[in-house]
Amino acid sequence: NAGVTQTPKFQVLKTGQSMTLQCAQDMNHNSMYWYRQDPGMGLRLIYYSASEGTTDKGEVPNGYNVSRLNKREFSLRLESAAPSQTSVYFCASTGTSGMLIYNEQFFGPGTRLTVL
Amino acid sequence: AQSVAQPEDQVNVAEGNPLTVKCTYSVSGNPYLFWYVQYPNRGLQFLLKYITGDNLVKGSYGFEAEFNKSQTSFHLKKPSALVSDSALYFCAVNQGGKLIFGQGTELSVKP
């Protein structure tokens, strides 16, 4: 049981390049999330997917797109990277049953992205 | 809008002493509150949560948190700190299935 996995662990991009961050969970969770972590700002929600087939914007969606490929996988795409997107990105999942407001989220190890 | 505040960027304690990491919240309706810990270069790990019931919630690694509705606080506590408790701690409130995080508190426990 690997939990939540993310690839890659590290990435350096040049301004304007594109890339996709991959996330997968093996806990049969319905909901998945993408956050970014910046110093002094905690974690901020970029996009989430409450269930397979749905995606919604979070607090900071500009410059990002997501795809819920299936129940296990949720990817985050940067179409044209900017230095302001330099951050650590975390994927999380939750919810096999019950109300989502009661359930803790499980986090992946993160992707450290630098945009030059 | 719901929000969480962690008033201390850093907390320093000596090993063996009690520790408190503070969190205050602002929500409409019932608060669903969580504490997470992040060790260096790792993802967040769930410590404990308050949904309803007893105001004192016990969690992983000997941590506990006290929910105080009148003071809108949810402070994290441990009776005797360990050096291995040194990490970044986040308080969060659940808003419709989405977590709203505080900015984090760096806990440093010295031998």
Integer Hz, Karplus 6.51/-1.76/1.60 couplings in order for region B:38-49, x for Gly and Pro: 10, 7, x, 6, 10, x, 6, 10, 5, 9, 6, 8
Relative contact order for chain A using alpha-carbon pairs under 8 Å, separation at least 6, rounded to a whole percent? 35
Could you tell me the relative contact order of chain B? Use alpha-carbon pairs under 8 Å, at least six residues apart, and round to a whole percent. 38
Lys and Arg at +1, Asp and Glu at -1: neighbours of B:TYR61 with Cβ under 13 Å from its Cβ sum to +1
Heavy-atom accessible area per residue of chain B, all protein chains kept, 1.4 Å probe, expressed in Å², is 47
Sequence order, region A:41-54: Karplus ³J(HN,Hα) from phi using 6.51 cos²θ - 1.76 cosθ + 1.60, θ = phi - 60°, Hz rounded, Gly and Pro as x, gives 10, x, 9, 10, 6, 8, 8, 9, 9, 5, 7, 4, x, 10
Residues of region A:18-116: accessible area per residue with a 1.4 Å probe, Å²: 42
In chain A, what % of DSSP beta bridges are antiparallel (nearest 5)? 90
Out of the total accessible area of region B:37-111 (probe 1.4 Å, heavy atoms of protein only), what percent is carbon and sulfur? 50
Reachable aspartates and glutamates from B:LYS110, Cα under 20 Å, same-chain residues fewer than 8 places away excluded? B:GLU8, B:ASP9, B:GLU15, B:ASP85
Residues with beta-carbon under 13 Å from that of B:LEU48, excluding B:LEU48: net charge, scoring Lys, Arg +1 and Asp, Glu -1? 0
Once you have the alpha carbon radius of gyration of region A:19-116, what is it after dividing by 2.2 N^0.38 Å, with N set to its residue count? 1.03
Output the pairs from B:LYS22/B:LYS49; B:LYS22/B:LYS78; B:LYS22/B:LYS58 with a Cα-Cα distance over 24 Å in this structure; if there are none, say none. none
Cα centroid separation - region A:1-80 against region B:67-111, whole Å: 24
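The values are calculated or read from the model by the stated rules, or taken from the named source; none is laboratory data. This one's a predicted model, so the numbers in the text were calculated from it and none came from an experiment. As a convention, Cβ positions derive from the backbone with ideal geometry for all residues, glycine included, and neighbour counts pool all protein chains shown. Ligands, DNA and RNA are stripped out before the accessible areas are found, and what is left, the full protein with its side chains, is counted by its heavy atoms. Shrake-Rupley method; radii C 1.70, N 1.55, O 1.52, S 1.80 Å.
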